[in-house]
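Student: I am attaching a structure below and will ask some questions about it afterwards.
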Amino acid sequence: MIHHVWRELIGELYPETDLPGPADAAVLDRIEEALGLPVPSELRGLLGEVDGVVNDYGDAVVWPAARIVEDNLAMRAEPDYQELYAPFDTLMFFGDSDMGPQFAYAYTDYGPAVIVWDHETDQRRLVAVSLRDYLFRCSAEGNGWFR
């Protein structure tokens with residue numbers, strides 16, 4: 001069995017970052033219960049090793065498990081958001097950039113994919129095919145990689 005694959009990858013991509021311990025398993029289960037969506041296995045695996053990832057710029061590339069629950073529920077319940085934006089109930093937001101956009105899993109017929117959501121236009125666009133791809137792009141292509 002392979003251990004700490006995500007921790008090692010994140011350590012290589014962000015060598016200056018202090019890595020937290022794993023997320024509490026009960027909080028991981030709470031994500032599914034609260035949002036009514038399955039946590040993609042790759043995200044569950046990452047959070048099981050490291051409860052969130054912050055890059056060298058201070059961006060929360062992957063939110064801690066508790067924040068995933070809190071922010072997604074808040075976005076879904078915000079009356080202004082319900083009026084301004086398409087529904088969020090098929091999305092699971094899990095990270096952001098200091099430039100404003102947020103990243104989420106969108107559930108498709110082919111499985112979950114990583115999208116970027118622009119709060120100014122409500123545009124939702126595929127940016128990565130996996131969490132690993134997303135992490136590599138975040139670290140290698142700079143802060144505006146998703147444009």
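Student: Give the residues of region 9-26 that are over 26 Å from ASP98 (Cβ atoms) and either assigned to a helix (DSSP H, G or I) or among the hydroxyl-bearing types (Ser, Thr, Tyr) (or both), sorted by residue number. Explain how you work it out, then say what you get.
Tutor: Filtering region 9-26 for residues over 26 Å from ASP98 (Cβ atoms) gives 24-26.
Across region 9-26, the qualifying residues are ALA25, ALA26.
Student: Do you know which of the residues in region 4-17 that are more than 18 Å from the chain's Cα centre (by Cα) and free of Cβ contacts under 8 Å to residues at least 24 places away in the same chain is most open to solvent (accessible area, probe 1.4 Å)? Before the answer, list the steps.
Tutor: Of region 4-17, the ones more than 18 Å from the chain's Cα centre (by Cα) are 4, 8, 12, 15-16.
From the residues that got through so far, the ones that are free of Cβ contacts under 8 Å to residues at least 24 places away in the same chain too are 8, 12, 15.
Working: GLU8: 111, GLU12: 137, PRO15: 90 Å².
Going through the qualifying residues, I end up with GLU12.
Student: Here's another thing I want to ask about it. Filter region 114-147 for residues that are small (Gly, Ala, Ser), under 23 Å from ARG7 (Cα atoms) and modelled with pLDDT under 90; which is most open to solvent (accessible area, probe 1.4 Å)?
Tutor: Step one: of region 114-147, the residues small (Gly, Ala, Ser) are 128, 130, 139-140, 142, 144.
Subsequent filtering for residues that are under 23 Å from ARG7 (Cα atoms) retains 128, 130, 139-140, 142.
Then drop every residue that is not modelled with pLDDT under 90, which leaves 139-140, 142.
Working: SER139: 42, ALA140: 82, GLY142: 22 Å².
Checking each candidate, the answer is ALA140.
Student: Another question, if that's okay. Does ASP89 qualify as being in contact with a helix residue (DSSP H, G or I) (Cβ under 9 Å, 6 or more places away or on another chain) and either among the aromatic types (Phe, Trp, Tyr) or in contact (Cβ under 8 Å) with a residue 60 or more places away in the chain (or both)? I'd like the intermediate steps shown before the answer.
Tutor: Values: in contact with a helix residue (DSSP H, G or I) (Cβ under 9 Å, 6 or more places away or on another chain): yes; either among the aromatic types (Phe, Trp, Tyr) or in contact (Cβ under 8 Å) with a residue 60 or more places away in the chain (or both): no.
Criteria not met by ASP89.
The values are calculated or read from the model by the stated rules, or taken from the named source; none is laboratory data. Every value quoted in this text rests on a predicted model; they were computed, and no experiment measured them. We place every Cβ from the backbone using ideal geometry, glycine too, and count neighbours over all the protein chains shown. For the accessible areas, the whole protein counts, side chains as well, though only heavy atoms, and no ligand, DNA or RNA atoms are used. Shrake-Rupley method; radii C 1.70, N 1.55, O 1.52, S 1.80 Å.
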